[in-house]
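Everything below concerns the one structure shown next.
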Amino acid sequence: MALSGYLSFAREDWAELRSNTPLTLSEHDLSILRGLNERTSLSEVVDIYLPLSRLLNLQVRAARNLSGAKDAFLGRLAGSRPYVIAIAGSVAVGKSTLARILQALMARWPDHPRVALVTTDGFLHPNRLLQERGLMHRKGFPESYDLKRMVQFLADLKAGEPEVRAPVYSHHAYDILPDEWQMVSQPDVLIFEGLNVLQAGGAASSGQRPPSVIISDFFDFSLYIDAEEADIESWYVERFQLLQRTAFRKPSSYFHHYRDLSPDESVATAKRIWAEINLVNLRENILPTRERAHLILKKRADHAIGEIHLRQL
């Protein structure tokens, strides 16, 4: 994959950039952090995540020094502003697993132990509002998110507010939990993960004035997980089948009506949902943001990361 403006690394070359970064995760730790159908191994952590963790640690230190210089220039006390890392990519590509492993590794660095993880799912409009607007079939598309609330959350966090709350989303209920909040209290690092984190707002195509502030304005570093469409579809179908045998069987699950599908029906249903919703969203809204990321991780068909692309500017 040729990308203009990026330094490209094969897996083996990237692994050499680990230097002496220690492996602080055990196989047991990794088993807890993996997603449903992810097969991330300790060798993947060593080859890919440890060099990435080292790069980000250097970036965090540099950002602190720059922030301290600005505070000194202005004659004010050093502020406490989090370093914000964004993770973007398609449904089923492995964003959540990457985010959890990265959080665990960075939290073990001695100089920034408070690492918070927030997903953009919590900033989806509630189902009630999506139904009123006829957008239930567009869940995950730009118009299904409360972008104003998302921007305010990030602005408050960057401003050093002592505690900022984020809405909580339940994949089981397929909706926002109205009385639950994730409280984020001045982390050293925030990992912000979601489909839409690198999108520029989407207002221009609708004839509206483009937003003056977009969520990526608050990011210090951003990653995009890339893969071939056919591979992501395969992972999506695999995950759907696994959920059908587990979570969908609970009567309280929003997708309980899928519980009795035959194996062939399950595959056909997953492929239809992928083609009609997730593939469209990937092509129209997610993939076009790929080259806004500072780092692109390209997965192979076996889920392992095979290529790494680091933006030069």
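Need one number: % antiparallel among DSSP beta bridges in the chain, to the nearest 5.
If we restrict to bridges inside the chain, about 50 percent are antiparallel.
Report, in deg cm²/dmol and to the nearest 500, the calculated mean residue ellipticity at 222 nm for the chain, where each DSSP H run with n ≥ 4 adds -39500 (n - 2.57) and the sum is divided by the residue count.
Only helices count here, giving -9500 deg cm²/dmol.
Once you sort the root eigenvalues of the Cα gyration tensor of the range 6-311 as a ≥ b ≥ c, which label holds: rounded (a/c under 1.5), prolate (a/b larger than b/c) or oblate (the other case)?
oblate
Count the net charge of all other residues whose Cβ sits under 11 Å from the Cβ of P167, scoring Lys and Arg as +1 and Asp and Glu as -1.
Surrounding charge for P167 is -3.
Given a Förster distance of 35 angstrom, what is the FRET efficiency for A62 paired with E132, based on the Cβ-Cβ distance and rounded to 0.05?
It comes to 0.15.
Taking a 31 Å limit on the Cα-Cα distance, which of the listed pairs K139/K250; K250/K298; K95/K250 fall beyond it?
With Cα atoms farther than 31 Å apart: K250/K298.
Run the paramagnetic zone check for R114: 7 angstrom along Cα to Cβ, then residues of the range 147-165 with backbone nitrogen under 19 Å.
Counting backbone N atoms under 19 Å from the label point, the list is 153-165.
What FRET efficiency comes out for L3 versus T246 if R0 is 41 angstrom and r is the Cβ-Cβ distance? Round to the nearest 0.05.
The calculated FRET efficiency here is 0.60.
Sort H172, H257, H309 by Cβ crowding within 10 Å, fewest neighbours at the top.
Taking fewest neighbouring Cβ atoms as first place, the list is H257, H172, H309.
By how many nm would the segment from E276 to A200 lengthen if fully extended, with 0.36 nm per residue of separation less the alpha-carbon distance?
Gain on stretching E276 to A200: 25.0 nm.
Need one word for the range 229-276: rounded, prolate or oblate. Basis is the Cα gyration tensor (sqrt eigenvalues a ≥ b ≥ c); a/c below 1.5 gives rounded, then a/b vs b/c decides.
Cα axes put the range 229-276 in the prolate bin.
List F123, F9, F192 from most exposed to least, where exposure is judged by having the fewest other Cβ atoms within 10 Å.
So the residues, fewest neighbours to most, are F9, F123, F192.
How much of the pair distance distribution for the range 55-177 lies past 23 Å, counting alpha-carbon pairs only, in percent?
More than 23 Å apart: 44 percent of the Cα pairs in the range 55-177.
Only Cα pairs under 8 Å and at least 6 apart count here; give the relative contact order of the chain as a rounded whole percent.
Result for the chain is 25 percent.
Quick check: residue separation of K70 and E265 times 0.36 nm, minus the Cα distance between them. What number comes out in nm?
Gain in length upon complete extension: 64.2 nm.
Students often check this: by mean Cβ neighbours within 10 Å, which of 134-142, 91-99, 259-267 ranks highest, and how do the rest follow?
Result, highest mean first: 91-99, 134-142, 259-267.
Using a 7 Å offset from the Cα along the Cα-to-Cβ direction at both Q312 and M183, what is the distance between the two label points in nm, to one decimal?
The answer from the label model is 4.8 nm.
FYI, it's all coordinate maths here, none of it is from the lab. All values reported here derive from a predicted model rather than from experimental measurement. Using ideal geometry, Cβ is built from the backbone for each residue, glycine included, and neighbour counts are taken over all protein chains shown.
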